[in-house]
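Read the structure below first, then the notes.
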Amino acid sequence: MCFDGDGAHCLPVIPGPPADPDYQYTGRFPAPARWIDRDRVGDGAKVAASFALKELFNPSAEGRFVALSPSAVSALQRVRDDWHQRTGAGLRITSGFRSPGRNAAVGGVANSRHTYGDAFDFKPTTGQWDQPTRLAMLQLCKAHGFNERLAYSPAKGGHVHCAMDPGQAWRDGKVGFDAWIVRAEDGSWKAEWAGLEAEGEPALVWRVEGVEAPPVEGLTFTAPEGASKVLLTVADVAFCEAPIDATGRIPCETNAAPAAPAPAEKAPASK
């Protein structure tokens, strides 16, 4: 099985899924049909110009077999190439393939695309992890065919999650999770969400209208005096807004995230 268009990075595969209980698929999507045997190819085998097999899963936590989507690996390489051309930095993969058993153990959502080998979590090897950087990376993921895109909080390590989801939840600009903005009795605000991968806290950016104030990142927020409206982006892809005197739980829009600005200035060359 080849992971690029020119056939430069190909590995032998076996049919599957493996019989091991950790590889049992019970969701709405069929199990991957082709599997890489780590014992046969070695974890150092290259699957793309910039990535070895061992970078796209956790070698110490996974079993003998790994499933990877050629189209997703190829898209990941293109994201990396574009990011490197823009900034000089590479990508550090924080999570890739997870077997269903491993996914359950770490609290991943049912039917996680990580279990199908077409989801990757990553961040730049150098540079700041601010909202402009996250938005630029999400835009690259979109440009290269990843339709499931999320950004996670810098307070929890921070990364973007980009996946190729064949379902309907992420089609036509929709966001495949729910989020709300909630006003507490003391007048403060809090973000809530459901249906996200258990990979940390999503990036949460608060802004206001009616008064000049810098954006604030975090789970809770107290609006400054004079604000007329509170605005929140969740995972940099869902958008909430509420008048300052609103009460209760206000649902977020699902496809109104801000546009991506230009990334930061070019960093020293890296992988």
Simple label model, 7 Å out from Cα along Cβ direction - ARG86 to GLU212, nm: 2.9 nm
Folded to 0 to 90 degrees: helix 131-143 orientation relative to the chain principal axis, Cα: 50 degrees
Between helix 70-87 and the chain: long-axis angle, C-alpha atoms, 0 to 90°, nearest 10: 60 degrees
Convex hull volume per residue in cubic angstrom - Cα atoms of region 14-163: 110 Å³
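With +1 on each Lys and Arg Cβ and -1 on each Asp and Glu Cβ, how big is the dipole of region 110-245 about its Cα centre, in debye rounded to the nearest 20?
Details: 12 positive and 20 negative charges, 86 e Å.
Once rounded to the nearest 20, the dipole reads 420 debye.
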Over 27 Å between alpha carbons, listed pairs LYS46/LYS174; LYS174/LYS229; LYS142/LYS229; LYS54/LYS123; LYS46/LYS142: LYS46/LYS174; LYS142/LYS229
Among SER71, SER95, SER228: highest mean-square fluctuation, GNM of the chain, C-alpha pairs under 10 Å: SER228
Exposed-loop-free span, longest in the chain, where GluC sites (Glu not before Pro) count as exposed if DSSP calls them loop and at most 16 other C-beta atoms lie within 10 Å: 1-184
Equivalent ellipsoid semi-axes, region 214-254, via Cα gyration tensor eigenvalues times 5, rooted, Å: 17, 14, 9
Extension reserve of the ASP6-THR26 stretch, reckoned as 0.36 nm per residue once the Cα distance is removed: 3.7 nm
Net +/- balance of residues flanking ARG102 in space, Cβ distance below 12 Å, scoring K and R +1, D and E -1: -2
Most fluctuating residue given options VAL41, VAL237, VAL160, as computed from a GNM of the chain linking Cα atoms under 10 Å: VAL41
Span from the region 4-39 Cα centroid across to the region 167-246 one, whole angstrom: 38 Å
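What size of dipole, in debye to the nearest 20, comes out for region 14-163 about its Cα centre when the only charges are +1 on Lys and Arg C-beta atoms and -1 on Asp and Glu C-beta atoms?
On the way: 19 positive and 13 negative charges, 47 e Å.
Around 220 debye, computed over region 14-163.
When the dipole is taken about the Cα centre of region 96-185, and only Lys, Arg (+1) and Asp, Glu (-1) are charged at their Cβ, what size is it in debye, to the nearest 20? Can you show the working numbers first?
Details: 11 positive and 8 negative charges, 25 e Å.
With only Lys, Arg, Asp and Glu charged at Cβ, the dipole is about 120 debye.
Can you tell me what the convex hull of the Cα atoms of the chain projects to on average, as an area in nm²? Each step should come with its number before you reach the end.
On the way: hull surface 60.6 nm².
Computed as one quarter of the Cα hull surface, the answer is 15.2 nm².
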Isolated Cys in the chain, by beta carbon distance under 4.7 Å: none
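Since every read-out is calculated from the coordinates, none of them should be taken as a lab result. Given the structure is predicted, the values throughout are model-derived calculations rather than measurements. Glycine gets a Cβ as well: all are built from the backbone with ideal geometry, and neighbour counts include every protein chain shown.
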